[in-house]
Every structure is written in C-alpha cells, then in structure tokens.
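Enquirer: Quick one: structure below, then a few questions.
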Amino acid sequence: VKANRALVLSSSSASQAILERLRVDLCIVIGSILSVIAGETCDEETVKGPAQSAPTVSSDAKICKEVIAIAQMLLTRRSAPFRSVESLAVCKGQKELTTDFALRDEAEHIMCALQRAGLLGGDGRILYKDGEDGGKTVPRRILLTRVYLFHQAIQREATYSVPRRLRKISANAGSSNFFQLDASIDDVLSNMKCIGRSAAALSTSIEHPKSLDVYEGMLDGLVAACCLSNAIVRGAGLGSLDYSLTRFGWAARQRVPRLLSSIALQDSKQNGKYGIPSCALLSTQTDAQGKHKRFAEVLKGVSSVIALPRVMKEVMATEKNRLSLIRSLCATQSLISLLPAEETQKMVAYFQGIFSSLRSRFFLLPRITAQDQELHEALLLLLLDILFEKASSERGAVGSHSLADKAVEEIKSVNWRNRLTANWVLMSSIDERDLLDDDPKVPLRLWSTCAHLLSNEMGQPLQRVALGTFGRLVSLISTESAEARPDIAPLCRFLLDEQFCTALGNALVFDHSADTSVGGGHHEQWSSGVVSIIRDASVNLAPKTLFPFQRTGRVSPTFKVAHAQLVEAALVAIGEENALISSSHLLKIAVEMAGAPPSEDQKNQICTAAEIFSGVSRSLLELCNGDLVQVSNRWSTLLLPFLADVVPKIPMSQMSGLYDAIRFATHHLRPNTFFE
C-alpha cells in the first residue's frame with residue numbers, strides 16, 4: 001500500500017488527475033453501453049427480430065452478461081481481493097492449530113495458584129496469557145496474513161462508506177439523470193476516447209457528471225437489463241441488481257413509485273424512466289404474430305424487481321405504496337388477459353413471487369398522520385369492495401371513499417386468487433383502531449363481509465381465510481379493556497342468527513384437513529401460495545394456549561383447540577344473555593353434525609361437533625362467575641342432555657374428539673364447576 005501511494009504521489013499532477021477520474025470514466029462507458037442496450041429494447045418496434053438488417057448489441061447475450069458483470073464489480077468492489085471473510089476463517093483455524101495446549105494449561109494452573117496465595121497482582125501489574133510463555137506461539141507469517149486480511153476488511157467497508165459519503169455530499173447539490181434511452185454507439189465511442197485524458201483537456205468540451213449520478217445510472221441500466229428479452233440476461237441483471245442494492249439501498253426508495261406504476265399500467269408518460277420501458281405503451285403494441293410478447297417480458301422483469309427483499313422493504317414503508325401494490329395485486333387478472341397463452345402460467349408465478357415477498361415482510365404500520373389513516377381506510381374499503389359485491393350500496397361518507405371507488409372502477413375482473421389475496425391482506429391489516437373508528441360503517445362492513453364470505457363460499461379456501469378474519473375480529477374485541485371496547489352489536493346480531501351459526505359450523509368443518517381414509521387416500525392439492533394463506537388464517541383463529549401442552553398430549557389428532565377457543569371467545573364477548581341464545585343454536589347444529597351419515601366429511605363433522613360443545617361449555621361455565629346454582633342448572637339443562645343425545649350417535653373410533661372437548665371445557669376451572 002505504501003509503495004502504491006508513493007508511486008502515485010511521485011507522478012505528475014496530470015497523471016494523478018487521470019487516476020482520480022479513471023473509475024468514473026469507466027463507469028460512464030459501462031453506463032452508456034447499458035443505455036444503448038436498453039434503448040434498443042424499449043418498445044416492440046425495435047425488437048422485430050428477423051426484419052432487422054443489422055445486429056444490435058442487445059441481441060448478443062454474451063456482451064450483455066459481461067457488461068452486467070462489470071457494472072456489478074464497479075458498484076460493489078473497491079479492491080482486487082474478493083470474499084476475504086472466507087480467508088479470515090481459515091486464518092483463525094491456522095492460529096488455533098499453533099496453540100500449545102499443554103503449556104497453556106500449565107501456565108493457567110500456576111497463575112491460579114499464585115492468585116489464591118495473594119502473590120500475583122499486588123504491585124498493580126496485569127498479566128495476559130498471549131505470549132509464548134502463555135502457550136500461544138503465533139508465527140510471523142500468520143500474523144502478517146491476519147494484518148493483510150484486516151486491510152482487506154477496511155477496503156471492503158469502503159464499498160459501503162464511499163456511496164454513503166457521495167450521497168451526503170450531493171444531498172444539497174441536486175442530481176441529474178445520467179441514464180438515457182437515446183444513447184447510441186457513437187456516444188459509447190466518444191466516452192471511450194475520454195478514458196485516460198486529463199480533466200483539463202476535457203473541461204472545455206464535456207461536462208463531467210457527478211460520481212453518484214453515474215453510479216445510479218448504472219443501477220438504472222441493471223433495472224433495464226432485468227427487462228430484456230433473453231431470460232438468461234434477465235436473471236443475470238436481477239442478481240447483479242440485488243447485490244448492488246446492498247451498497248445503494250436508498251436508490252430503491254426513489255424507484256418504487258415507478259415500479260408500481262408499471263404493473264398498474266399508469267406509466268404511459270414515463271417510458272425509459274429509471275430504465276423501465278412503459279408497460280402501458282407496450283400493452284398496446286404487438287409483434288409480428290399479433291402477441292404482446294415484449295409486454296410479457298417487461299412485466300416479468302418488473303415483477304422480479306419488485307419481489308426483491310430490499311425493494312419490498314421500501315414498498316412496505318408507506319401506506320401509499322402499500323395501497324398501490326395491493327390494488328395492482330388484486331387486479332392481476334386484467335394484466336394476465338393481455339398476455340399470450342404460453343406466458344399466462346409464468347406470469348401467475350411471478351405475481352405469486354411478489355405476494356410471497358409481501359407476506360414475508362408484512363407488518364402493521366403505525367398511522368401517525370391523518371393522511372396515513374385516510375390511506376389505510378382507503379385500503380380497507382378497496383378490499384371490502386372486492387370481497388363483498390353488495391358493499392357499493394353501503395358506502396358512507398368517509399373522505400377516502402372516492403379513492404376506493406376509483407380503485408374499484410380500475411379493477412375490471414377479479415378471480416378467486418385475487419379475492420383470496422385481498423382477504424389475506426384484509427385479515428393482516430386489521431387492528432384495534434379499525435374497530436374503534438369514528439365512522440361505525442367501517443367496522444360494520446368488516447363484520448358483514450366476514451359473514452357474507454362464511455355463508456356463501458362453502459368449502460372454498462376463501463371461506464377458511466374469512467374464518468381467520470372472523471377470529472381476528474373476535475380476538476381484538478376480547479383483548480380490549482372495558483373503557484375502550486369496540487361495539488359488539490354486529491357480533492351479537494350475527495351470533496343470534498341461526499343461519500349464521502349454521503354457516504359458522506360448516507366453516508369450522510371445512511377448516512379441517514380432508515379425511516384421506518375415504519375416497520382413495522388423496523391429499524388436498526392447492527395452487528401455489530394457497531397453503532401459506534390458509535396457514536396464516538389458522539394462526540389468526542385464536543391466541544395460543546397451553547392446553548393440552550403438546551399435540552401428543554391430545555387423544556384426537558383432528559381436534560383443533562383454536563376452534564373451541566374461537567367459539568368460547570365469541571360467546572363470552574356478547575354477554576351471558578345473548579350467549580345462552582347463541583349456544584342453543586350452536587348445540588343444535590352440533591347434534592346434527594354428530595349424527596352425520598358415513599361420508600368423506602363425517603370425521604370432520606363429528607370433530608367439529610365436539611369443538612363446538614367444548615367452546616360452548618367453557619364459555620357458559622365462565623359466565624356463571626362462580627354461582628354454583630347456575631353451574632348446576634346449565635349442566636342439567638344444556639350440557640348433559642347434549643352428551644346424552646350425542647354419545648350414542650358417535651362411532652367409537654371418533655370418540656377421542658369428545659374426550660378432548662371435555663378436557664378443554666374443564667381445563668383450569670375450579671372443581672366445583674364440574675364435580676359435585
């Protein structure tokens with residue numbers, strides 16, 4: 001290092017100026033090549049293929065991959081060595097091998113004896129066991145290797161600190177767009193001629209772009225490479241972009257609105273901005289076969305970029321970005337309908353990748369300002385409009401409704417997958433503030449939408465997710481204090497309705513796994529991502545419990561404690577008087593389920609009957625508040641007659657669910673509530 005520094009200082013001032021600009025000049029050349037590649041593939045008219053008379057740079061996959069690799073190195077490396085951390089582990093292993101363990105143990109034994117005798121450290125000296133006398137003999141070669149690795153670590157840290165420093169310097173100076181789609185080969189050649197020329201020679205003819213603008217221009221070039229026609233080049237560009245964002249993470253925040261406008265087809269006036277072709281323009285252009293092939297390629301590239309973890313992190317940072325992304329995810333069917341038939345399943349997989357990234361990073365965002373609250377309400381209203389077709393007639397006068405109405409008009413067709421995604425987002429976005437909203441129509445629409453889905457989506461995945469949403473609403477009511485408790489009138493109205501109780505019981509039945517012992521032993525076959533959504537819905541049914549400690553502690557393998565908890569929490573929330581009426585409806589349904597004829601659903605129906613009985617029994621016993629007269633009355637009038645009616649109907653092979661039901665009903669209750 002000293003030799004290199006002395007060599008640079010001994011050179012002339014012109015040579016030093018050339019060396020200072022050498023990296024930036026090389027970045028300018030690579031950025032201009034990426035601009036040429038992106039300009040050649042910006043629309044359908046430039047990629048007709050056989051009709052072109054001269055080959056283009058973008059048609060050579062090898063050139064594109066080499067340019068992408070060079071751009072990644074310029075963005076992420078500032079020294080020749082790479083992966084120095086791996087060499088550090090080897091160095092530590094070699095150091096351990098040189099330790100004399102026998103001598104080290106002997107020195108430690110002597111030191112402990114001297115300390116106990118009070119003969120060590122009396123004069124204030126502190127002895128360290130790091131010398132040759134302490135058993136550690138480090139050869140000079142290993143020591144020099146460790147110093148060299150430390151130097152490499154400092155150089156690696158420069159790849160993070162230099163971009164941050166450049167951003168801080170240019171914070172008040174503004175920025176210019178270095179990436180341009182109208183670049184040509186002549187521009188690349190002129191930039192190559194500038195390499196090695198001094199700044200004084202270039203000052204009169206060319207204006208020097210700032211270093212940070214050049215780096216961000218290369219990032220835009222990598223984004224453009226993610227949208228090329230060649231799938232291998234798109235993959236190389238996506239990997240390089242993901243790694244480059246580790247150094248320029250703030251650049252993702254500036255490009256999120258542009259990415260979201262692409263999948264929303266609202267970028268007709270932003271063609272080429274940040275290296276992304278206009279999807280709105282490409283959706284109106286066709287190739288020689290009359291297909292939107294180029295539109296499909298760009299859409300796949302944009303979807304891959306949005307699914308990157310660092311990009312999704314910025315999407316989740318604001319309510320506005322969330323609303324824009326979810327609105328687009330709930331309208332994917334309109335985009336897929338424009339694509340060629342061979343690209344349909346591929347695009348579904350790309351959209352599923354976006355949802356998987358969204359699901360892994362989703363969290364409830366604190367709503368501090370009034371604008372955040374309005375955007376959150378607009379998101380809820382949009383999802384409710386998608387899930388409940390009759391919701392348009394129930395809209396109130398919330399200030400953000402116009403935004404939701406506009407979003408619903410943009411959604412031309414919503415299939416079952418879009419509705420499933422909307423239901424998952426609704427379930428994950430609800431919190432206690434939504435149930436305490438000043439406008440009572442918002443929480444009322446939440447309850448009515450859940451009831452609508454539970455009643456009409458019989459046996460569908462959407463019903464299982466709606467059941468999870470219902471459980472989340474019930475848990476939010478149960479956890480609130482008496483002073484700030486939401487209105488329970490909608491829940492009371494539904495639970496007092498016998499038809500809703502029937503729909504709730506059927507939903508609990510279909511929330512079990514299919515009985516593989518009937519019908520040939522085939523397991524459920526779901527589309528990609530559906531299993532994860534259903535699993536999340538099951539988690540929201542009820543809070544975690546310690547009963548009965550582990551699954552192996554239960555007698556029945558199909559008994560779901562969460563179902564019993566859901567019934568218990570709902571009945572306790574509506575009060576004793578309403579709970580007695582609703583319990584009679586639920587127990588009536590449970591009796592019918594227990595006497596179900598042999599079928600593929602008989603096992604789940606019997607288990608659900610036991611779960612309903614367990615939740616009803618526990619809630620009624622808790623609402624007695626220790627009154628032994630009421631306890632005896634409810635056992636004699638409701639619970640014991642139910643058992644007397646149900647037990648003879650249940651096959652002995654399914655009796656284990658009833659055992660677990662009685663155990664949960666009496667779990668941690670006082671003995672006088674179930675024993676005389």
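Enquirer: Considering only the range 291-327, state which residues are in contact with a Phe, Trp or Tyr (Cβ under 9 Å, 6 or more places away or on another chain) and of a type in the set (S, T, N, Q).
Expert: Correct list: 303, 304.
Enquirer: Residue by residue through the range 102-139, note down the ones that are open to solvent by 100 Å² or more (accessible area, probe 1.4 Å), part of a helix (DSSP H, G or I) and modelled with pLDDT of 70 or more.
Expert: 106, 109, 115, 116
Enquirer: With the requirement that a residue be touching a helix residue (DSSP H, G or I) at 6+ places or on another chain (Cβ under 8 Å) and not in a loop (DSSP other than H, G, I, E, B), what does the range 648-676 give you?
Expert: Matches in the range 648-676: 649, 654, 657, 658, 660, 661, 662, 664, 665, 672, 673.
Enquirer: Working carefully through the options 336, 354, find the one that is open to solvent by less than 10 Å² (accessible area, probe 1.4 Å) and aliphatic (A, V, I, L, M).
Expert: Working: 336 fails: open to solvent by less than 10 Å² (accessible area, probe 1.4 Å).
Result of the check over 336, 354: 354.
Enquirer: Something else about it: Against the condition open to solvent by less than 30 Å² (accessible area, probe 1.4 Å), touching a Cys at 6+ places or on another chain (Cβ under 7 Å) and aliphatic (A, V, I, L, M), how does residue 586 come out, does it pass?
Expert: Details: open to solvent by less than 30 Å² (accessible area, probe 1.4 Å): yes; touching a Cys at 6+ places or on another chain (Cβ under 7 Å): yes; aliphatic (A, V, I, L, M): yes.
Yes, satisfied.
Enquirer: What single numbered condition from (1) of a type in the set (D, E, K, R); (2) at pLDDT below 80; (3) surrounded by fewer than 13 Cβ atoms within 10 Å (Cβ to Cβ) fails to hold for residue 146?
Expert: Result: residue 146 passes all but (3).
Enquirer: Take the range 275-315 and flag every residue that is in contact with a His (Cβ under 9 Å, 6 or more places away or on another chain) and open to solvent by 10 Å² or more (accessible area, probe 1.4 Å).
Expert: Correct list: 283, 284, 285, 286.
Enquirer: Which residues, counting only those in the range 357-380, are open to solvent by less than 10 Å² (accessible area, probe 1.4 Å) and of a type in the set (A, V, I, L, M, F, W, C)? Can you show your working first?
Expert: Of all residues in the range 357-380, those open to solvent by less than 10 Å² (accessible area, probe 1.4 Å) come to 358, 376, 378-380.
Once the filter is applied, which keeps residues that are open to solvent by less than 10 Å² (accessible area, probe 1.4 Å) and of a type in the set (A, V, I, L, M, F, W, C), the range 357-380 yields 358, 378, 379, 380.
Enquirer: Which condition does residue 413 not pass, out of (1) modelled with pLDDT under 85; (2) open to solvent by 10 Å² or more (accessible area, probe 1.4 Å); (3) in contact with a Lys or Arg (Cβ under 8 Å, 6 or more places away or on another chain), if it passes all the others?
Expert: (3)
Enquirer: For the range 455-479, name all the residues that are touching a residue at least 12 places away in the same chain (Cβ under 8 Å), over 23 Å from the mean Cα position of the chain (by Cα) and under 15 Å from residue 534 (Cβ atoms).
Expert: If the condition is that a residue be touching a residue at least 12 places away in the same chain (Cβ under 8 Å), over 23 Å from the mean Cα position of the chain (by Cα) and under 15 Å from residue 534 (Cβ atoms), then 459, 460 are the ones that fit.
Enquirer: Another one. Going by the conditions given, is residue 443 over 21 Å from residue 372 (Cβ atoms), open to solvent by 10 Å² or more (accessible area, probe 1.4 Å) and assigned to a helix (DSSP H, G or I)? Steps first, please.
Expert: On the way: over 21 Å from residue 372 (Cβ atoms): no; open to solvent by 10 Å² or more (accessible area, probe 1.4 Å): yes; assigned to a helix (DSSP H, G or I): yes.
It is false that residue 443 is over 21 Å from residue 372 (Cβ atoms), open to solvent by 10 Å² or more (accessible area, probe 1.4 Å) and assigned to a helix (DSSP H, G or I).
Enquirer: In this structure, does residue 383 turn out to be modelled with pLDDT of 90 or more, surrounded by 12 or more Cβ atoms within 10 Å (Cβ to Cβ) and within 23 Å of the chain's Cα centre (by Cα)? Full working, then the answer.
Expert: Numbers: modelled with pLDDT of 90 or more: yes; surrounded by 12 or more Cβ atoms within 10 Å (Cβ to Cβ): yes; within 23 Å of the chain's Cα centre (by Cα): yes.
In short, yes.
Enquirer: Here are the criteria: (1) more than 20 Å from residue 344 (Cα to Cα); (2) under 24 Å from the mean Cα position of the chain (by Cα); (3) at pLDDT 90 or above. Tell me which single one residue 297 does not satisfy.
Expert: Unmet condition: (1).
Enquirer: Given the conditions (1) over 25 Å from residue 503 (Cα atoms); (2) buried (at least 18 other Cβ atoms within 10 Å of the Cβ), and given that residue 611 satisfies all but one, which numbered condition is not satisfied?
Expert: Every condition holds for residue 611 apart from (1).
Enquirer: Can you tell me which of 212, 245, 260 is open to solvent by less than 30 Å² (accessible area, probe 1.4 Å), more than 17 Å from residue 67 (Cβ to Cβ) and touching a Pro at 6+ places or on another chain (Cβ under 8 Å)? It would help to see each step written out before you state the result.
Expert: Numbers: 245 fails: touching a Pro at 6+ places or on another chain (Cβ under 8 Å); 260 fails: touching a Pro at 6+ places or on another chain (Cβ under 8 Å).
Sole residue among the options that is open to solvent by less than 30 Å² (accessible area, probe 1.4 Å), more than 17 Å from residue 67 (Cβ to Cβ) and touching a Pro at 6+ places or on another chain (Cβ under 8 Å): 212.
Condition check ((1) under 30 Å from residue 599 (Cα atoms); (2) at pLDDT 85 or above; (3) surrounded by fewer than 20 Cβ atoms within 10 Å (Cβ to Cβ)) across all residues:
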{"position": "625", "(1), (2), (3)": "no, no, yes"}
{"position": "630", "(1), (2), (3)": "no, yes, yes"}
{"position": "635", "(1), (2), (3)": "no, yes, yes"}
{"position": "644", "(1), (2), (3)": "yes, yes, yes"}
{"position": "648", "(1), (2), (3)": "yes, yes, yes"}
{"position": "651", "(1), (2), (3)": "yes, yes, yes"}
{"position": "656", "(1), (2), (3)": "yes, yes, yes"}
{"position": "667", "(1), (2), (3)": "no, no, yes"}
{"position": "672", "(1), (2), (3)": "no, no, yes"}
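Enquirer: Does residue 529 meet the test of being open to solvent by less than 50 Å² (accessible area, probe 1.4 Å) and modelled with pLDDT under 90?
Expert: Numbers: open to solvent by less than 50 Å² (accessible area, probe 1.4 Å): yes; modelled with pLDDT under 90: yes.
For residue 529, the condition - open to solvent by less than 50 Å² (accessible area, probe 1.4 Å) and modelled with pLDDT under 90 - is met.
The values are calculated or read from the model by the stated rules, or taken from the named source; none is laboratory data. Given the structure is predicted, the values throughout are model-derived calculations rather than measurements. Every residue, glycine among them, receives a Cβ derived from its backbone with ideal geometry; neighbour counts consider all protein chains shown. Just the protein is used for accessible areas: all its heavy atoms, side chains included, with ligands, DNA and RNA removed. Shrake-Rupley method; radii C 1.70, N 1.55, O 1.52, S 1.80 Å.
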